[in-house]
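Worksheet: the structure to be examined is printed underneath.
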Amino acid sequence: MAKSADISTKRLISLAPENWVKWVTKIPDIVAGEVLNSEFQWISRESDVLIRATSPQYGEFLVLNELQLRYKPEMPKRMRAYAALAEEKYNLPAYPVLVNILKESDSEIPTLYQSEFAGLQARQDYRVINLWEVDVEIAFQQSIPSLLPFVPILKGGAEESTIQQALQILRADEQLNQLETVLAFFATFVLDSALVQEIMRWDMAVLRESPWYQQILREGEARGRQEGQREEMLSGIELGLEIKFGTEGLQLMPEISQISDLNRLKTIQRGILTSNSLEELRQLI
C-alpha cells in the first residue's frame, strides 16, 4: 500500500536541493544552503520553496522556486512580488524560477513582468520551466529525484516502460518511496487508470487524499459551474432569437455556440432585446 499522498513541493525539492538549483539556474558551481522560511508578512500565500545558495561568481543569493500545477495569468505580477519580498526579508538578490507542471494551452508563457505608470517603469525577469518541454532523460541522468514523480508528463515520459522505470527507482529508496503516489497521479493523465493501478499494484482510491488531486477536482468543479452557466445562457439566447427574429434568427446559433466568454454571451443576450434587426445584432457577435 502506498504511503501518504500529502507530498509538498518543499518536500520534493528538499530531496536533493543542490541538484535542483543547478538544474533550474544553470549555474554549474552553485552550492545549495538551507531551505528558508518563505512566508511573508504582507501576503497570505507562501511561495513554494526558497533556498539560500552561493557560487564563486555570484556570491550568496536566493533561489525562489514557484511550482504551478497550471500557469495562471497573474503569475508575472506574483513573481515580481515574491522576488521583491524575498530580497527585502533576507537582504540578498533573488533568482526567481517559475515551474509549470501541466500544459494549459499553446499560448506563450511570459518570462518577465513589466509595467509603466506615469513615466515610471517596473520590470522583473524570471526563468520559466515548462515540464512538458523537459526531456524525461534529465530525470534519470542528472540525479534530480524531484523530477521523478513528474516523469509521465515530461517530454517522452508517457510510455508504460518509462513510468515503471521511475517507479522502480522510487521504491528502491526509502527516502523516495512516498513519491510513488505523486507519480501515479500524473500517470493517470497519460495512461488508463486501470493500467496505472496494475503498474502500482495498489488501490487508486489513495489518490483522493492527494493535494494534487484535490486541486484538479476543485478546478473541474469550477469549470463545470461555468459551463453550466454558459449552457443556460445559450438556451436563453436561442429562445430570444426564435421569439424575436424567427427561424432566420436561429441561423446565428452555430456561430454564437462557439463563444465561451460569458460576458460576450451576456452582451448578445441583452442585444437581442435592444436590436431592431439581425444586422444590428450581428455587429455584437
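Tabulated values for the structure
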item	result
In Hz, Karplus ³J(HN,Hα) per residue of the stretch 261-267 (6.51, -1.76, 1.60; θ = phi - 60°; x = Gly, Pro)	6, 5, 5, 5, 5, 4, 4
Values of log10 I(q)/I(0), in the order q = 0.11, 0.21 Å⁻¹, for the stretch 108-208 under a Debye, Cα-only, solvent-free model	-0.43, -1.02
Proximal charge balance of Val31 [Cβ under 14 Å; K/R count +1, D/E count -1]	-2
Shape of the stretch 70-155, Cα gyration tensor, a/c cut at 1.5	oblate
Under 13 Å, Cβ to Cβ, from Ala94 - net charge with Lys/Arg +1 and Asp/Glu -1	-1
Trp20, Trp132, ranked by accessible area, largest first (probe 1.4 Å)	Trp132, Trp20
Entries of Lys72/Lys155; Lys22/Lys103; Lys103/Lys266 with Cα pairs more than 26 Å apart	Lys103/Lys266
Approximate spin-label separation Gln142-Glu279, in nm, with each point projected 7 Å along Cα-to-Cβ	6.1 nm
More than 13 angstrom apart: percent of Cα pairs within the stretch 159-198	47 percent
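The values are calculated or read from the model by the stated rules, or taken from the named source; none is laboratory data. Quick caveat: nothing in here was measured; it's all calculated off a predicted structure. As a convention, Cβ positions derive from the backbone with ideal geometry for all residues, glycine included, and neighbour counts pool all protein chains shown. The accessibility values were calculated without ligands, DNA or RNA, using every heavy atom of the protein model including side chains. Shrake-Rupley method; radii C 1.70, N 1.55, O 1.52, S 1.80 Å.
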